[in-house]
Amino acid sequence: MRILLAEDDEVSRAVVTAQLSRFGHEVVAAKDGNEALRLIEQPNSPLMVILDWMMPGLDGIQLCRSIRARTGHPYVYLLLLTARNTREDIVMALDAGADDFLSKPAAAEELRARVQAGGRVLELQAALAARVAELERVLSEVKQLHGLLPICSYCKRVRNDQNYWQQVEAYISERTDALFSHGFCPECYEEHVRPQLRELRQIPKKD
């Protein structure tokens, strides 16, 4: 997992980077909140951010609020890493949009576990987004059936988006979950099927 680490203290940044790298993560480091926000605004930026509370420029709380104020972007998991750990501090961090709170100095195994938990949240978010996209695609295809649909007056085939003519049931089956079973309507039975049955009955059997 790619993780953005926003930490102004060089020693702390190096320690946390080494811990995360040891756990198999790729770390993108920022020296302050302003640099972290610039990195987050770039395409394909990390979806997990570990950020210090006290930093030059934007502090951790301000950075959380700035990230949460964005719209139209994938969800970013925010883990606030700080020596401030009173109840009021935790409430302030969560109210600002932080997903988790870890006191400094963080034990390596606790950091690993909390990052792993955040990764599960991001996986669920990605699966949900993929499901929503799939539902929107299916809905878009279903809505196409409400528009103008060219149909041949003789063979009753319909013209699809690639300008090919195909049977109505094939066209609908490709765009919905509908299944077809073939039968005869009363009018067609009387007009087509019954005369054929009469003809068959009148054909003499061969010896």
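The values are calculated or read from the model by the stated rules, or taken from the named source; none is laboratory data. Just so it is clear, the structure is predicted and the values come from calculations on it, not from any experiment. No Cβ is skipped: glycine too gets one built from the backbone with ideal geometry, and neighbour counts run over all protein chains shown.
Hey, among Arg84, Arg114, which residue is within 24 Å of the chain's Cα centre (by Cα) and either of a type outside the set (Phe, Trp, Tyr) or outside the structural domain of Ala18 (by TED's automatic domain parsing) (or both)?
Values: Arg84 fails: within 24 Å of the chain's Cα centre (by Cα).
Checking each option against the conditions leaves just Arg114.
Listed residues Val138, Val121, Val132; which is closer than 30 Å to Ala14 by Cβ and under 25 Å from the mean Cα position of the chain (by Cα)?
None of the others qualify; the one that does is Val121.
When you go through Leu124, Leu79, Leu102 one by one, which is the residue that is within 22 Å of Met1 (Cβ to Cβ), modelled with pLDDT of 95 or more and either outside any loop (DSSP other than H, G, I, E, B) or in the same structural domain as Val168 (by TED's automatic domain parsing) (or both)?
On the way: Leu124 fails: modelled with pLDDT of 95 or more; Leu102 fails: modelled with pLDDT of 95 or more.
That would be Leu79, the only listed residue that is within 22 Å of Met1 (Cβ to Cβ), modelled with pLDDT of 95 or more and either outside any loop (DSSP other than H, G, I, E, B) or in the same structural domain as Val168 (by TED's automatic domain parsing) (or both).
Which residue is nearest to Ala69 (Cα to Cα), if the candidates are limited to region 1-34 and must be over 27 Å from the mean Cα position of the chain (by Cα) and of a type in the set (D, E, K, R)?
Top of the filtered list is Asp32.
One residue is enough: does region 59-76 have a residue meeting the conditions part of a helix (DSSP H, G or I), out of contact with any helix residue (DSSP H, G or I) (no Cβ under 7 Å at 6 or more places or on another chain), more than 19 Å from Val27 (Cα to Cα) and assigned by TED's automatic domain parsing to the domain that holds Val15?
Yes, because at least one residue in region 59-76 is part of a helix (DSSP H, G or I), out of contact with any helix residue (DSSP H, G or I) (no Cβ under 7 Å at 6 or more places or on another chain), more than 19 Å from Val27 (Cα to Cα) and assigned by TED's automatic domain parsing to the domain that holds Val15.
Just give me the residues in region 9-32 being closer than 24 Å to Ala117 by Cα, of a type outside the set (Val, Ile, Thr), surrounded by 12 or more Cβ atoms within 10 Å (Cβ to Cβ) and touching a residue at least 24 places away in the same chain (Cβ under 8 Å), in sequence order.
Within region 9-32, Ser12, Gln19, Leu20, Phe23, His25, Ala29, Ala30 meet the criteria.
Restricting attention to region 1-25, which residues are part of a strand (DSSP E or B) and out of contact with any Pro (no Cβ under 8 Å at 6 or more places or on another chain)?
Here is the first cut: in region 1-25, the residues part of a strand (DSSP E or B) are 2-6.
Of everything in region 1-25, those that are part of a strand (DSSP E or B) and out of contact with any Pro (no Cβ under 8 Å at 6 or more places or on another chain) turn out to be Leu5, Ala6.
Of all residues in region 65-95, which are surrounded by 19 or more Cβ atoms within 10 Å (Cβ to Cβ) and free of Cβ contacts under 8 Å to residues at least 40 places away in the same chain?
Filtering region 65-95 down to residues surrounded by 19 or more Cβ atoms within 10 Å (Cβ to Cβ) leaves 67, 76-82, 93.
Hits for region 65-95 are Ile67, Val76, Leu78, Leu79, Leu80, Thr82.
Do you know which residues across region 161-207 are of a type outside the set (Gly, Ala, Ser), closer than 30 Å to Val138 by Cβ, out of contact with any strand residue (DSSP E or B) (no Cβ under 6 Å at 6 or more places or on another chain) and surrounded by 10 or more Cβ atoms within 10 Å (Cβ to Cβ)? Can you show your working first?
The first filter runs over region 161-207 and keeps only residues of a type outside the set (Gly, Ala, Ser), leaving 161-169, 171-172, 174-177, 179-180, 182, 184-207.
Going one step further and asking which of them are closer than 30 Å to Val138 by Cβ, we end up with 161-169, 171-172, 174-177, 179-180, 182, 185.
Those still in the list that are out of contact with any strand residue (DSSP E or B) (no Cβ under 6 Å at 6 or more places or on another chain) too: 161-164, 166-167, 169, 172, 174-177, 179-180, 182, 185.
Within region 161-207, Tyr164, Gln166, Gln167, Glu169, Ile172, Glu174, Arg175, Thr176, Phe180 qualify.
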